[in-house]
1. All but one of (1) open to solvent by 10 Å² or more (accessible area, probe 1.4 Å); (2) out of contact with any Asp or Glu (no Cβ under 8 Å at 6 or more places or on another chain); (3) within 26 Å of Thr135 (Cα to Cα); (4) not acidic (Asp, Glu) hold for Tyr60, so report the exception by its number.
2. Which of the residues spanning segment 449-466 are out of contact with any strand residue (DSSP E or B) (no Cβ under 6 Å at 6 or more places or on another chain) and free of Cβ contacts under 8 Å to residues at least 40 places away in the same chain?
3. What are the residues in segment 176-190 that are assigned to a strand (DSSP E or B) and surrounded by 18 or more Cβ atoms within 10 Å (Cβ to Cβ), if any?
4. Just the residues that are more than 25 Å from the chain's Cα centre (by Cα) and either among the polar types (S, T, N, Q) or under 14 Å from His391 (Cα atoms) (or both), please, taken from segment 408-428.
5. Which members of segment 405-422 meet the condition of being out of contact with any Ser or Thr (no Cβ under 8 Å at 6 or more places or on another chain), surrounded by fewer than 21 Cβ atoms within 10 Å (Cβ to Cβ) and modelled with pLDDT of 90 or more?
6. So for segment 147-163 (the condition being crowded, with 22+ Cβ neighbours inside 10 Å, assigned by the TED database to the domain that holds Thr196, small (Gly, Ala, Ser) and closer than 23 Å to Gln212 by Cα), does at least one residue qualify?
7. Name the residues in segment 386-397 that are out of contact with any Asp or Glu (no Cβ under 7 Å at 6 or more places or on another chain) and surrounded by fewer than 23 Cβ atoms within 10 Å (Cβ to Cβ), would you?
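The values are calculated or read from the model by the stated rules, or taken from the named source; none is laboratory data. Source: prediction; values computed, not measured. Neighbour counts run over all protein chains shown; Cβ positions are idealised from the backbone, glycine included. These accessible areas exclude ligands, DNA and RNA; they are computed on the full protein's heavy atoms, side chains included. Shrake-Rupley method; radii C 1.70, N 1.55, O 1.52, S 1.80 Å.
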Amino acid sequence: MEGVRPGGGPPAGGPGSGSGSGAGSFPSLFPPGLHGIYGECRRLYPDQPNPLQVTAILKYWLGGPDPLDYVSMYRNLGNPALNVPEHWHYVSFGLSDLYGDNRVHEFTGTDGPSGFGFELTFRLKRETGESAPPTWPAELMQGLARYVFQSENTFCSGDHVSWHSPLDNSESRIQHMLLTEDPQMQPVQTPFGVVTFLQIVGVCTEELHAAQQWNGQGILELLRTVPVAGGPWLITDMRRGETIFEIDPHLQERVDKGIETDGSNLSGVSAKCAWDDLSRPPEDDEDSRSICIGTQPRRLSGKDTEQIRETLRRGLEINSKPVLPPINSQRQNGLNHDRAPSRKDSLESESSAAIIPHELIRTRQLESVHLKFNQESGALIPLCLRGRLLHGRHFTYKSITGDTAITFVSTGVEGAFATEEHPYAAHGPWLQILLTEEFVERMLEDLEDLNSPEEFKLPKEYSWPEKKLKVSILPDAVFDNPLH
C-alpha cells in the first residue's frame, strides 16, 4: 500500500500530471500545489532537502485507497530553552490541491482554500537511540484523511477525534487526538488557494472526555503547561503513562470551573442512535419522507440527506445567541462545509448555514418518542444536558449508520421547530426535542448512573411517562442491524 523512500520534491507520481487546467502550465515533475507546501518545509528544515517519505504506491486519483500522496518525515531538534524535546515532525501532502487539474480536488480559484484548505502534521517524541522515524503516524494520517474525503467534514483547531485505540497499536494510554495549529508552520499561498497546517496531538481518554465536556482549546492550553504531556509545541509522547490530571490534580479544578462557567462547546457528535415515533402505529404511511416510524427506517433522497448533513455541520455559537438554521429554500453564505472551505465544518465546528427546503419535507409534531443510543453515545447525554442545554444551547446526535439525527434544544435556542407546546417535532429523519430547564435537572438526576460506565449493564431503559419520553441504551450490535 505504501512505500518509504527519500525524497525532497516528490514527482507528480503518475500520468496526466502536466499543466494544471485552473492555473496555467507547470512542469509535470513538480506539481505547483506541492511546491508551496514543500517550500514551507524547506524554510523550517533547510538542512533536510530530501527527508524520508511515506508515499502511496497507487495514488488516490488512480483508484488507490490512500488520499495522501505523501507524508514527509523530518527530524526536529526541538528547543532546549523552551523545554521542547527532540522529535519527529510529519507533514502530509494531499488534503490540499496539489495538481490544480481537478483530478482530486475541484479548482475554485486562488483566493479561497486549496482543496480542503489544510494539511495535517504530527510531532512525535524521538526515543533515545532512534535513528529513523517510525512510519505508523503516516497510516494514522491516512486514516484521518480517508475520513475527511469520505465525509467531506474538515477539521478545525480545537477539534477532537475519538480513536479508541492506541495510536501506534501498542499498549499506550494515548488513544485519541486533539487538533491544533502547528506551532512552526505558517499558512502558505499556492496557485490553487491557501493551505494551513493542523497538528495532531495524542491524548488520553480522560483528556478527551474533558475536551468534550468543556472545549478542545482549553485542554490544549493545559497540555501546553505540562512538558511531559506536550509542552509548548504539543509533542506526543506515546510512552506517557499519566494524564495531566494525575500529573497535576489542580488542572481538574480548572476544567470543572470552565465547564461550570462556559459549558461545553461540543455542539454535536456522530453516533450510533435512532428514534421511534410512538405517537402512531407503524403502518401509518401518511408522511412518506419520515424516518424511524415504528421499526422500518425510510430513506431521504441524496439531495435531502446532504442538506441535513450540512445543517448538522454547524458549530459553536460565538458571541451571539444560539440559533438553529432556519428551514427555508435558500442557502446562506454558499458554504458546503461546516468546517467550511476556509473554516472547516464538522459537528463541532463554527457556524455554517445549510438549510433544508421546507417544501420538500413536512414538519410533524409528535406526542411520544423513544430515543435509542449505544453506550458510548448515551454516556454523552449528561454532557448534552449539563454542558449545553443548561447554558441555553443545543446538541445534535447524527447517526453514522443512516440519515437519522436527534437534536436536543433548550428554550433559549431560536429557529427550532420544537416548541414548549409541542416539544417533539420531526422534520424527515431529523428529530428535535425541546427540554425545559426543570426537566433537564430531573433527567440529570435520573441518568446519574450514565457517569459510571463500569457499573453499567445493557440494555438499560429510562422512562418519563408524563413526558411521554423513553430513552434506551443498547448494545452496539443493535445499531449494526438496519432493522433496529
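1. So Tyr60 meets the others, but not (2).
2. Scanning segment 449-466 gives Asp449, Ser452, Glu454, Glu455, Lys457, Trp464, Pro465, Glu466.
3. Of segment 176-190, the ones assigned to a strand (DSSP E or B) are 176-181, 188-190.
Within segment 176-190, His176, Met177, Leu178, Leu179, Thr180, Glu181, Val188, Thr190 qualify.
4. If the condition is that a residue be more than 25 Å from the chain's Cα centre (by Cα) and either among the polar types (S, T, N, Q) or under 14 Å from His391 (Cα atoms) (or both), then Thr411, Gly412, Thr419 are the ones that fit.
5. Within segment 405-422, Thr419, Glu421, His422 meet the criteria.
6. yes
7. Arg386, His391, Gly392
A quick yes/no check of all residues on (1) modelled with pLDDT under 95; (2) open to solvent by 10 Å² or more (accessible area, probe 1.4 Å):
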{"position": "Met238", "(1), (2)": "no, yes"}
{"position": "Gly241", "(1), (2)": "no, yes"}
{"position": "Gln252", "(1), (2)": "no, yes"}
{"position": "Asp285", "(1), (2)": "yes, yes"}
{"position": "Ser288", "(1), (2)": "yes, yes"}
{"position": "Cys292", "(1), (2)": "yes, no"}
{"position": "Arg298", "(1), (2)": "yes, yes"}
